[in-house]
Amino acid sequence: MTLSVYPIPAFNDNYIWAIHDGTQCVVVDPGDAAPVRDFLQQHSLGLSTILITHHHPDHTGGLKALLTDYDAEAFGPQGDHIAGIQHPLGENDEIVVLGSLRMRVLEVPGHTLDHIAFYAAPTPTTPDAATAQPMLFCGDTLFAAGCGRIFEGNAEMMYQSLQKLARLPKDTLIYCAHEYTLNNLRFAAMAEPGNNAITERVKNESAKRQRDEPTLPSNIDLELRTNPFLRCHIESLGNHLAANNKLSVSHSDQQVFAALRNWKDSV
Ligand SMILES: [Zn+2]
């Protein structure tokens, strides 16, 4: 089985991720049904599975229409608050999609309380190119060079959720739900002006956008080097925030995170 992963653009800056084996397709967070239908038609694919990371309409808006049109199964957060989800999932639940791609569920509250992520690790039964590296579908929790806003949870929750993702294998490919990378990198450069990896990444990602290419997937290794929200333990970052009156001189990693998130929300 050879798997391909494609970003289906939706709205202004959403990506609906499509994973397919040439016959059947899985989509993650279909906020809109129309671009998914077009993609399936263009590639002559059936829709077997819909995965939902959280309840926001730009991630769920196409769910009902797709379930009407296709014989698909929908998996998502627990709580009965998202109409159409037939298989509610919680921490460490495992599902198998496209016959053999095993995915593990991680609860990552903070952006919303119901937010989950799907982690697909390579297994001996899926020794093909697309699954040779682990994949993470993380909705609006971890973004390239940034993280989601905290709408329902609190800073402690979001910090712990991001720490959980930061501990995944470094080669894990990150498929998040928005093209926010350049905006996030502008903030990252402000938060950590001395970080050359950020300067380098701005160049690389800007070139991709100029060619009209997505900046995704990212990977955990790149995020650990350039995403300030995963670098709260770096002393110079905390000191820089303190020097700019965003944080007291004596602070915990979690307080660095909260100060970063507040600052990002205000710029
Ligand atoms: Zn959201």
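The values are calculated or read from the model by the stated rules, or taken from the named source; none is laboratory data. From a predicted model like this one, the values you see are computed outputs, not experimental measurements. Calculation scope for accessible area: heavy atoms of the full protein, side chains included, ligands and nucleic acids excluded. Shrake-Rupley method; radii C 1.70, N 1.55, O 1.52, S 1.80 Å.
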Report summary line: Asserting the computed 222 nm helical MRE of the chain (DSSP H runs at least 4 long, -39500 (n - 2.57) per run, divided by residue count, to nearest 500) equals -9500 deg cm²/dmol
Requested in this report: With N denoting the number of residues in the stretch 1-149, provide Rg(C-alpha) divided by 2.2 N^0.38 Å, to two decimal places.
Outcome: 0.96
Report summary line: Share of Cα-Cα pairs in the chain beyond 32 Å, whole percent, is 22 percent
Query raised in the report: Accessible area per residue, 1.4 Å probe, Å², for the stretch 227-267: what's the number?
Result: 50 Å²
Query - Lysine pairs within the chain, Cα separation less than 24 Å, 8 or more sequence positions apart or different chains - result: 6
Query raised in the report: If all Cα-Cα distances of the stretch 185-262 are sorted into 10 Å bins from 0 onward, what percent lands in each bin, rounded to whole numbers?
Result: 19, 47, 25, 9, 0
Query raised in the report: Which sequence of K208, K203 reflects their accessible areas, 1.4 Å probe, from the largest down?
Result: K203, K208
Query raised in the report: Where both residues lie in the chain, what percent of DSSP beta bridges are antiparallel, nearest 5?
Result: 65 percent
Query raised in the report: If K170, K264, K246 are ordered by their accessible area, calculated over protein heavy atoms with a 1.4 Å probe, which sequence runs from highest to lowest?
Result: K170, K246, K264
Requested in this report: Could you pull the Cα extents of the stretch 122-267 along its three principal axes, largest to smallest, in whole Å?
Outcome: 51, 33, 27
Query raised in the report: Pick from R37, R102, R167: which is most flexible by mean-square fluctuation in a GNM of the chain where alpha carbon atoms under 10 Å apart are linked?
Result: R167
Report task. Compute the separation of the alpha-carbon centres of the stretch 231-267 and the stretch 1-22 and state it in Å as a whole number. Result -> 35 Å
**Report entry** Scaled radius of gyration (Cα, divided by 2.2 N^0.38 Å) that the stretch 144-219 gives
**Finding:** 1.17
Query raised in the report: Taking springs between alpha-carbon atoms closer than 10 angstrom, which of F137, F187, F11 fluctuates most in the Gaussian network model of the chain?
Result: F11
